[in-house]
Structures are given as C-alpha cells and as structure tokens.
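Trainee: Next up is a structure, given as structure tokens.
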Amino acid sequence: MDIGLTLSNAHLSLWPELARRADAAGFESVWIPEHLVVPVASTGSPVHGNEHPPVPSNIPILDPMSTLAHLAALTTRVKLGTQVYNIGLRHPFVTARGAATVDILSGGRLLLGVGASWLRAEWDAVGLDFATRGARVDEAIEVCRRLWTEEEIEHHGRFFDFGRTAFEPKPVQQPIAMHIGGDGPAAIRRAATVGAGWIPMNHSLEELPASIELIHEMAAERGRTTPIEVTVVGSVSTPGELERYAEAGVTRVVVRPWTRSREALDAVSRFGDEVLSTLA
C-alpha cells in the first residue's frame, strides 16, 4: 500500500516545506489540486448531493506544472501528482510540454492525474463546449501519448488538427503515467484502456470492489497485462486502518493528517514517525 500526501487545504506558502518533509518522512507521493479558472457564477459540485461548488472563485490556484517542477527541485524521491489536471481545457501541446518538463526535471516522478472537469462554467469561460468534453479529453489523451512516445506525429481529429511534427525531449516515462479521475462510465473506460491508475471521487469503500473488478475485466478484454493502480483520498491515523482500504482494492491512500494549516508541518513529520515508519 502506497501512502500519498495531499497539499490541498494547506496554505500555499507551506507547500515547499510540506513536500520536503513528505520526502523525508517516507510518503510515496504528494498531490496538488488543479483548476484553470473558477468563475464567480459557477454552479454544481463534483460531490454527489452538494448543490454548490466546493471552492470560491477567489481561491488561490497555482499552475500545476510550474508548481510540481519547483517541488521536484526540492525533493529527491517522492512522486509528484495532480489530482486532477483538467486535460480537456488545454491544447495537447500545452499539456504534453508541461508534463514532459516535470517528468524530465524530476527524473520520472510525475503522476499525471487527469479528468474531464465537472465545472461547466470553467469550460464556458475558455470558450469550449462542455457537452463534448468527454470526446475532447479522449482525443487530448491520445495526442499527448503519441507526442511523448513517437519520433514524429501527424494528427487530424475532431478537436485537434496538425501536420507532421517532432516533439522533444521525450519524458523519462514512456509514456507518462496517467491516472484517470472520475466515477462515470467514461472514466472507468479510460482507466481500463489507457490509465496507469484510477482516481474515484464519489465511490464509498463498499462500492469500490465492483467498479475495480469492472475495470480489470475491461482491461483484460483489451489484452492489458499491466496493473492498474487505485488512488483514493482517505483518513488514516494508525497502520491498522489501511487494511480496510486494501480489502476494497485500493493501492494508494492519499491523506491529509492535519485540520489547520498551522498544524500541517508537524503533522506530516508525526505521521511519518507513527505510521509510515511501521510499514517499512
């Protein structure tokens, strides 16, 4: 079982030191949230049953690739994840270049969590069609994977069209590991076909096994033999609490062992001493 650390809900000024402490404490990965823009007039929520967005328009947001490149320079071992990067809102050239940069500078430590973005107002703000976001995400993933692995590519698709081009340098990972965020049929399909892993958002632990089994069945039908990781945000305070996640099929639990930002630094070190050290 891998244990990751989310930097969300900690003051941005603490992120560099939190990443350093996570690296030293034995966390497998650190994860940052992502949005391109949150318009004031946003509605909806990624969490079932909620009527309002969980974040206000004026929430501080850092560019994910720049941030992870900075954290890569401050750490040596810990993996660096996005939870999740809204890949459909950018041209694949932008995503592929940024992700390759982080992967190269970190020595292959990028965990690229990607999603379709639930926030309609965000798509409206950049002039893209929310109704076709799934198809756009699929095409963006395809183009990025080719840019990362092929010497030259040419693409003429529904959303992106360009002639022969090279794309250098290639990332360390071939291709970069994409972890698919979301709970719907499209996310399940992507996780089974092109995802290195799956990041569910609205599944309870009791609901996870059936969906994980479906992903594995779909992957097997397509001849996939590589394992598919399952990453969930969870609450863990003792090593024994990891058992229930393992029984549900989870391979990585991402934790936030603090309630207030001022507690975060000490909490990360303490979690390393009390939990992570016992798992070695």
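Trainee: What ranking do 197-205, 88-96 get when scored by the average of other Cβ atoms within 10 Å per residue, highest first?
Mentor: On the way: 197-205: 18.6, 88-96: 20.2.
Per-residue mean Cβ counts within 10 Å order the peptides as 88-96, 197-205.
Trainee: Further question on the same structure: Going by average Cβ neighbours within 10 Å, how do the peptides 244-253, 67-76 rank, with the highest at the top? Could you put the intermediate results ahead of the total?
Mentor: Working: 244-253: 17.5, 67-76: 19.1.
Result, highest mean Cβ count within 10 Å first: 67-76, 244-253.
Trainee: Follow-up. If you consider only alpha-carbon coordinates, what radius of gyration and Dmax does the chain have, in Å?
Mentor: Cα only, the chain: 18.4, 55 Å (Rg, Dmax).
Trainee: Between His91 and Arg244, how many nm apart are label points set 7 Å from Cα along the C-beta direction?
Mentor: It works out to 4.8 nm between the two label points.
Trainee: Could you calculate the FRET efficiency of Arg120 with Glu274 from 1/(1 + (r/R0)^6), where r is the beta carbon distance between them and R0 is 41 Å, rounded to 0.05? Let's see the in-between values first.
Mentor: Numbers: r = 42 Å, r/R0 = 1.03.
The calculated FRET efficiency here is 0.45.
Trainee: Below 8 Å, C-alpha to C-alpha, sequence gap of six or more: please give me the relative contact order for the range 56-158 in percent. Spell out each step's value before the answer.
Mentor: Values: 98 pairs, mean separation 29.9, N = 103.
That works out to 29 percent.
Trainee: Lys/Arg Cβ at +1, Asp/Glu Cβ at -1, dipole of the chain taken about the Cα centre: which of Gly223, Ser277, Thr76 is farthest positive-ward?
Mentor: Value computed over the given set: Thr76.
Trainee: What percent antiparallel are the DSSP beta bridges of the chain, to the nearest 5?
Mentor: For the chain, the DSSP antiparallel bridge percentage is about 15.
Trainee: As I understand it, the dipole of the range 47-182 uses +1 on the Cβ of Lys and Arg and -1 on the Cβ of Asp and Glu, about the Cα centre. Which of Val126, Ser57, Phe162 lies farthest toward its positive end?
Mentor: Ser57
Trainee: Using only DSSP helix segments of four residues or longer, with each worth -39500 (n - 2.57), what per-residue ellipticity at 222 nm results for the chain after dividing by its residue count and rounding to 500? Mind dumping the intermediate values first?
Mentor: Working: 9 runs with 97 residues, N = 280.
Value at 222 nm, helices only, nearest 500: -10500 deg cm²/dmol.
Trainee: Within the range 110-136, list the residues whose amide N lies under 12 Å from a label point set 7 Å along Cα→Cβ of Val37.
Mentor: Under cut-off, by backbone N: 121-128.
Trainee: How high is the relative contact order of the chain? Use alpha-carbon pairs under 8 Å, at least six apart in sequence, and give a whole percent. Provide the component values of the computation, followed by the final result.
Mentor: Numbers: 493 pairs, mean separation 57.3, N = 280.
Relative contact order here is 20 percent.
Trainee: Additional query: How high is the relative contact order of the range 138-280? Use alpha-carbon pairs under 8 Å, at least six apart in sequence, and give a whole percent.
Mentor: 15
Trainee: Measuring from centroid to centroid over Cα atoms, what is the spacing of the range 89-108 and the range 213-280 in Å?
Mentor: A separation of 25 Å, based on Cα centres.
Trainee: If packing is taken as the average count of other Cβ atoms within 10 Å, what order do 164-173, 142-151 fall into, highest mean first?
Mentor: Ranked by mean Cβ neighbours within 10 Å, highest first: 142-151, 164-173.
Trainee: Taking the Cα centre of the chain as origin and charging only Cβ (+1 Lys, Arg; -1 Asp, Glu), how large is the dipole, in debye to the nearest 20? Each step should come with its number before you reach the end.
Mentor: Numbers: 25 positive and 34 negative charges, 97 e Å.
The dipole magnitude comes to about 460 debye.
Readers should treat all values here as calculations from the given coordinates under stated rules, not as data from a laboratory. These numbers come from a predicted model, not from an experiment. Using ideal geometry, Cβ is built from the backbone for each residue, glycine included, and neighbour counts are taken over all protein chains shown.
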